[in-house]
Amino acid sequence: MSDFMNSEFVQNEMDEVQRLQKKIFEDLVSYDNLDREDKLKHLENFEELIELQSILYTRMSLSDDPEAIERRETIQDFLMMMTFENSHDVHAVFADMKNTIAKLREDLDT
């Protein structure tokens, strides 16, 4: 593993991303049956996940470490393959995701 990916700080963030992903996927299965507060918590977890991923992506973008560059390119390729709007700009995709979550939160309040 590279110096960048092996750093304790990056490893802790990656562990937190995995924890949040697991929690989000577990809740997603029963999302329709969750009460309002649990749905809000689910959306908060999703926002936190997006923020962590955005920070990690930014760090990878600033690093000249080959593994960080490879992971960054893998993310970009995935977004292109999935035909995300603004897939040429990963930060724009993160912003779009945050906007979607904000709309979901508004829908819970109506």
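The values are calculated or read from the model by the stated rules, or taken from the named source; none is laboratory data. Here the structure is a predicted model, which is why all the values come from computation and not from measurement. Note: ideal-geometry Cβ built from the backbone for every residue, glycine included; neighbour counts use all protein chains shown.
Data table
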read-out	value
Within the range 52-68, tally of residues that are in contact (Cβ under 8 Å) with a residue 60 or more places away in the chain and surrounded by 15 or more Cβ atoms within 10 Å (Cβ to Cβ)	3
Selection status of Arg72, of a type outside the set (Phe, Trp, Tyr), out of contact with any Lys or Arg (no Cβ under 6 Å at 6 or more places or on another chain), in a helix (DSSP H, G or I) and in contact (Cβ under 8 Å) with a residue 24 or more places away in the chain	no
Residue satisfying condition, being over 20 Å from Glu67 (Cα atoms), in contact (Cβ under 8 Å) with a residue 60 or more places away in the chain and either not in a helix (DSSP H, G or I) or not charged (D, E, K, R) (or both), within set Leu28, Leu20, Leu49, Leu40	Leu40
Check on Ile75, within 19 Å of Gln21 (Cβ to Cβ), β-branched (Val, Ile, Thr) and at pLDDT below 90	yes
Selection from the range 1-17 of residues that are assigned to a helix (DSSP H, G or I) and not hydrophobic (A, V, I, L, M, F, W, C)	Asp3, Asn6, Glu8, Gln11, Asn12, Glu13, Asp15, Glu16
Count of the range 22-73 residues which are farther than 20 Å from Asn12 by Cβ and more than 14 Å from the chain's Cα centre (by Cα)	21
Which listed residue, of Phe94, Phe46, is surrounded by 13 or more Cβ atoms within 10 Å (Cβ to Cβ), touching a Ser or Thr at 6+ places or on another chain (Cβ under 6 Å) and at pLDDT 85 or above	Phe94
